[in-house]
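Have a look at the structure below before the remarks.
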Amino acid sequence: MTQTSTAAPRARAEVDLAALRGNVRALRARVGGGTALMAVVKSDAYGHGMVPVARAARAAGAGWLGTATPHEALALRAAGVDGRVMCWLWTPGDPWREGIEADLDIAVSGMWALREVTAAAREAGRPARIQLKADTGLGRNGCQPADWPELVGAALAAQAAGLVDVTGLWSHFACADEPGHPSIAGQLDVFQEMLAYAEKEGVTPEVRHIANSPATLTLPESHFDLVRTGIALYGLSPSPEIGVPADFGLRPVMTLAASVALVKGVPAGHGVSYGHRYVTREETHLGLIPLGYADGIPRHASGRGPVLVGGVRRRVAGTVAMDQFVVDLGADTPEPGAEAILFGPGDRGEPTAEDWARAADTIAYEIVTRIGGRVPRVYVDRDDADGEDTR
């Protein structure tokens with residue numbers, strides 16, 4: 001194993017780049033050679049570190065990178081990451097010209113966005129690469145079917161004027177993580193209709209795409225020319241109903257660990273943490289874990305969040321505080337500095353991000369994404385290929 005930096009003594013989020021590359025390869029194999037793969041690295045690569053993850057994904061064959069905001073995409077370019085990068089969450093006044101000059105693929109969901117991107121293209125003196133987004137039923141971003149003819153017509157006119165190249169047509173599922181949900185087939189039908197209209201009018205897209213991670217894993221009919229993989233890229237299942245990561249040849253990429261800061265004996269009847277929502281039933285030992293909700297540990301998991309200390313699974317005792325929480329160690333007395341693993345792949349009996357999601361009544365996406373910048377990312381590479389520096 002190559003580890004290119006020493007973990008901070010308080011806590012660390014270990015990111016296994018070899019596992020990430022393996023996930024990219026597994027996902028590419030699932031969709032086959034005729035479909036390209038986009039590695040979605042928005043939100044600092046779901047908390048894993050955008051630039052190292054982007055480079056590793058590229059090395060494993062991800063032909064596209066995806067971000068939410070243009071500022072994320074421009075940060076990739078500033079770090080020297082090349083190739084196709086698409087970003088989709090634009091607001092009025094955003095850096096349209098900079099995006100055009102950085103060769104980004106820019107999502108356009110309505111006429112206001114088309115006006116702004118064409119104005120920026122005139123200023124830049126070069127066409128913008130745009131992808132028209134269809135709202136097929138999610139009800140967030142995207143153009144409604146009733147407004148699609150206007151947007152398609154205006155985009156084709158802008159293309160004829162040399163202001164844009166329409167490189168893609170795309171949409172997003174609402175319920176692909178709920179197998180059998182009736183909206184899935186409905187959205188696919190609407191997408192097919194909107195594709196057919198745009199292509200009949202003269203749009204010749206390079207890529208058509210609607211599949212997110214759950215659709216990539218379970219809906220081959222939705223793969224088209226490109227799939228956009230987010231949570232699956234990081235080795236996590238989009239939902240327990242679909243299956244566990246191993247069912248798809250995926251491995252969790254992040255392990256979150258901390259050093260036990262203090263171990264002390266306390267008597268029976270001793271209150272623990274704010275509100276005394278946990279009171280010791282007998283004489284016991286308490287271990288202090290130096291991570292809290294300021295680091296992204298969900299306060300909602302107070303009393304329930306699982307932690308592996310000394311090879312034994314424990315639970316958060318009492319309330320998660322801003323910087324720390326407590327576990328009841330019983331008769332065990334690990335030394336300060338002993339490792340506490342909050343989540344990881346599960347190989348050593350440690351909890352997983354999905355375990356924490358259940359404890360906090362949320363989804364695994366949120367568990368990994370919310371781990372804050374105060375926790376250093378330590379990049380390891382277990383097949384000795386391309387280690388990265390700590391962010």
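The values are calculated or read from the model by the stated rules, or taken from the named source; none is laboratory data. Bear in mind that the values here come from a model prediction, so they are computed numbers and not experimental data. We place every Cβ from the backbone using ideal geometry, glycine too, and count neighbours over all the protein chains shown. Ligands, DNA and RNA are excluded from the accessible area calculation, which covers all protein heavy atoms including side chains. Shrake-Rupley method; radii C 1.70, N 1.55, O 1.52, S 1.80 Å.
Each principal axis of the Cα cloud of segment 11-165 was evaluated for its coordinate range; sorted largest first, these ranges are 48, 31, 30 Å. Based on alpha-carbon atoms, the Kirkwood radius and the radius of gyration of segment 97-147 give Rg/Rh equal to 1.04. Of the trypsin sites (Lys or Arg not before Pro) found in segment 321-381, the ones in coil according to DSSP and having at most 14 other Cβ atoms within 10 Å of their Cβ are Arg348, Arg374. For segment 197-252, a crude dipole built from +1 on the beta carbon of Lys and Arg and -1 on the beta carbon of Asp and Glu, taken about the Cα centre, is about 180 debye to the nearest 20.
Is the shape of segment 1-101 best called rounded, prolate or oblate, per the rule: a/c under 1.5 gives rounded, else a/b larger than b/c gives prolate, else oblate, with a ≥ b ≥ c the square roots of the Cα gyration tensor eigenvalues? It comes out oblate by the Cα gyration axes.
Under Stokes-Einstein, with the Kirkwood radius over Cα pairs as Rh, the value for segment 250-323 at 20 °C and 1.002 mPa s is 162 µm²/s. Of the solvent-accessible surface of segment 34-104, computed with a 1.4 Å probe and all protein chains present, 54% belongs to carbon and sulfur.
Based on a Kirkwood Rh over C-alpha pairs, give the Stokes-Einstein translational diffusion coefficient of segment 34-82 at 37 °C and viscosity 0.692 mPa s in µm²/s.
For the chosen part, D equals 309 µm²/s.
Quick one: Debye curve from the alpha-carbon atoms of segment 227-282 only, equal weights, vacuum; give me log10 I(q)/I(0) at q = 0.15, 0.21, 0.30 Å⁻¹ to two decimals. The Debye formula, applied to the Cα set alone, gives -0.67, -0.78, -1.23. Think of the chain as having a plus end and a minus end, set by charges on the Cβ of Lys, Arg, Asp and Glu; of Ala68, Ala215, Thr136, Ala68 sits farthest toward the positive end of this dipole. Could you tell me what percent of the DSSP beta bridges with both partners in the chain are antiparallel, to the nearest 5? DSSP beta bridges in the chain are roughly 50 percent antiparallel.
Panel note: the C-alpha atoms of the chain, placed on their principal axes, show extents of 78, 43, 38 Å (largest first). Principal-axis analysis of the Cα atoms of the chain puts helix 111-124 at an angle of about 80° to the longest axis.
Along segment 18-34 the Karplus relation, 6.51 cos²θ - 1.76 cosθ + 1.60 evaluated at θ = phi - 60°, assigns HN-Hα couplings of 5, 5, 5, 4, x, 5, 4, 5, 5, 5, 4, 5, 5, 8, x, x, x Hz to successive residues, with x for each Gly and Pro.
Accessible area per residue was computed with a 1.4 Å probe on protein heavy atoms; Leu74 scores about 40 Å².
Only four residue types carry charge here, +1 at the Cβ of Lys and Arg and -1 at the Cβ of Asp and Glu. Report the dipole size of the chain about the Cα centre in Debye, rounded to the nearest 20. Intermediate values should be presented prior to the final figure.
Working: 37 positive and 47 negative charges, 113 e Å.
Computed charge dipole of the chain: roughly 540 debye.
Rounded to whole numbers, the Karplus 3J(HN,Hα) couplings from phi for segment 362-370 are 9, 10, 4, 3, 5, 4, 6, 5, 7 Hz, using 6.51 cos²θ - 1.76 cosθ + 1.60 with θ = phi - 60°, and x at Gly and Pro. A simple count of charges around Val108, restricted to other residues whose Cβ falls under 14 Å of its Cβ and scoring Lys, Arg +1 and Asp, Glu -1, yields -4. Evaluated with a Cβ-only charge set (Lys, Arg +1; Asp, Glu -1), segment 277-353 carries a dipole of roughly 380 debye about its Cα centre, given to the nearest 20. Using modelled backbone amide H atoms (1.01 Å from N, in-plane), which distant-in-sequence or interchain residues come within less than 5 Å of Phe343's amide H? Residues meeting the amide H criterion: Leu256.
For the residues Pro252, Pro205, Pro220, a GNM of the chain with alpha-carbon springs under 10 Å puts the largest fluctuation on Pro220. Computed with a 1.4 Å probe on the full set of protein chains, the accessible area for Ser43 sits at about 60 Å². Counting only protein heavy atoms and using a 1.4 Å probe, the accessible area of Ile363 comes to about 90 Å².
Against the criterion of solvent-accessible heavy-atom surface with a 1.4 angstrom probe, Val279, Val327 sort, most first, into Val279, Val327.
For the chain, the solvent-accessible area with a 1.4 angstrom probe is 40 square angstrom per residue. Taking the charge dipole of the chain about its Cα centre, with +1 at Lys and Arg Cβ atoms and -1 at Asp and Glu Cβ atoms, the residue from Leu114, Phe325, Val375 reaching farthest to the positive side is Phe325. For the residues Gly303, Gly344, Gly275, a GNM of the chain with alpha-carbon springs under 10 Å puts the largest fluctuation on Gly275.
Can you pull the percent of segment 193-238's accessible area that's carbon plus sulfur, 1.4 Å probe, other chains left in place?
Roughly 48 percent, rounded to a whole number.
Taking amide H positions as modeled 1.01 Å from N, with prolines and chain starts lacking one, the residues under 5 Å from Arg315 and 5 or more places away or on another chain are Val307, Asp328. Only alpha carbons enter this Debye calculation for segment 148-293, each as an equal point scatterer, and the log10 of I(q)/I(0) it gives at q = 0.21 Å⁻¹ is -1.18.
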